[in-house]
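Note sheet for the following structure.
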């Protein structure tokens, strides 16, 4: 699955830095990795399949920032990305209520776009998915991709699965920079991870450790899940907060 968060940040960094002399876009891709220990891997794959069939909320803390949201397999979605580009904080939010009802809001400084307004937009007028994919995708935490890139996987106590994970495919839970991957060497394909399951064997959290390399401190990429199986509550904007998307908004969404 495509990692929309990395693509979104790459695009928005260009916009944030448009008047500052340059930017450094980032992209991610996905791929399957070698299979690992059958018991742990089978349990992990089963937990991921169960996640796809239920409602849930999530918080991702990754290199690109923090993403929070909710997902309903029936089609309802809401997501918010908070990030920083060259010291400038920005946010991007989107809501899919159902049918053709979609809203978008961002604090990115763009001419003709009001950061305080939710823009209702016509999906048929948006030809690119790089931005709206952040809140339209049915797997915003890249859980299926995560399971595919796990190497070894071992069942432990208290509902924990530990093992190794391939960072080299980029994406939200990976690295795309060639220099970083070169500095990590073989460790990039065997980063430690810990998955925690709840009492029902469902995903509760995912933690991937990026080892120290080239003077960069060790860090952890995390996904925390909540409210599995509970009705999704969307924060639909009030009428006074809504505006119809104008040309500037469509230009941004189609950038």
Mind counting the residues in segment 132-142 that are crowded, with 24+ Cβ neighbours inside 10 Å and part of a loop (DSSP other than H, G, I, E, B)? 3
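If you scan segment 62-101, which residues turn out to be in a loop (DSSP other than H, G, I, E, B) and either surrounded by 23 or more Cβ atoms within 10 Å (Cβ to Cβ) or under 11 Å from the mean Cα position of the chain (by Cα) (or both)?
Just the residues of segment 62-101 that are in a loop (DSSP other than H, G, I, E, B), to begin with: 63-64, 72-76, 86-87, 99-100.
63, 64, listed by residue number.
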If you take the residues in segment 44-61 that are more than 11 Å from residue 223 (Cβ to Cβ) and touching a helix residue (DSSP H, G or I) at 6+ places or on another chain (Cβ under 7 Å), which one is surrounded by the most Cβ atoms within 10 Å (Cβ to Cβ)? 44
Right, residue 185: more than 16 Å from the chain's Cα centre (by Cα) and at pLDDT below 95 or not? no
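Okay, residues lined up against (1) in contact with a strand residue (DSSP E or B) (Cβ under 7 Å, 6 or more places away or on another chain); (2) within 20 Å of residue 206 (Cβ to Cβ):
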site: 62; (1), (2): yes, yes
site: 72; (1), (2): no, no
site: 76; (1), (2): yes, no
site: 98; (1), (2): no, no
site: 102; (1), (2): yes, no
Return yes when residue 218 is exposed (fewer than 15 other Cβ atoms within 10 Å of the Cβ), touching a strand residue (DSSP E or B) at 6+ places or on another chain (Cβ under 8 Å) and under 19 Å from residue 139 (Cα atoms) and no when it is not. no
Failed condition for residue 184, given (1) under 29 Å from residue 48 (Cα atoms); (2) surrounded by fewer than 19 Cβ atoms within 10 Å (Cβ to Cβ): (2)
State whether one or more residues within segment 21-34 are surrounded by 20 or more Cβ atoms within 10 Å (Cβ to Cβ) and modelled with pLDDT of 85 or more. no
Does segment 149-163 hold any residues that are surrounded by 19 or more Cβ atoms within 10 Å (Cβ to Cβ) and closer than 21 Å to residue 198 by Cα, and which are they? 150, 153, 161, 163
Just to be sure I understand, how many residues within segment 102-123 are touching a helix residue (DSSP H, G or I) at 6+ places or on another chain (Cβ under 8 Å) and loosely packed, with under 12 Cβ neighbours inside 10 Å? 3
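Take residue 211 and tell me if it is buried (at least 17 other Cβ atoms within 10 Å of the Cβ) and within 23 Å of residue 58 (Cβ to Cβ).
Details: buried (at least 17 other Cβ atoms within 10 Å of the Cβ): yes; within 23 Å of residue 58 (Cβ to Cβ): no.
For residue 211, the condition - buried (at least 17 other Cβ atoms within 10 Å of the Cβ) and within 23 Å of residue 58 (Cβ to Cβ) - is not met.
Take residue 196 and decide whether it is in contact with a strand residue (DSSP E or B) (Cβ under 8 Å, 6 or more places away or on another chain), under 16 Å from residue 59 (Cα atoms), free of Cβ contacts under 8 Å to residues at least 40 places away in the same chain and surrounded by fewer than 22 Cβ atoms within 10 Å (Cβ to Cβ). It would help to see each step written out before you state the result.
Numbers: in contact with a strand residue (DSSP E or B) (Cβ under 8 Å, 6 or more places away or on another chain): yes; under 16 Å from residue 59 (Cα atoms): yes; free of Cβ contacts under 8 Å to residues at least 40 places away in the same chain: yes; surrounded by fewer than 22 Cβ atoms within 10 Å (Cβ to Cβ): yes.
Taking the combined requirement at face value, the residue satisfies it.
The values are calculated or read from the model by the stated rules, or taken from the named source; none is laboratory data. On a predicted model such as this, the values are computed, not experimentally measured, just so you know. Virtual Cβ from ideal backbone geometry, glycine too; neighbours counted across all protein chains shown.
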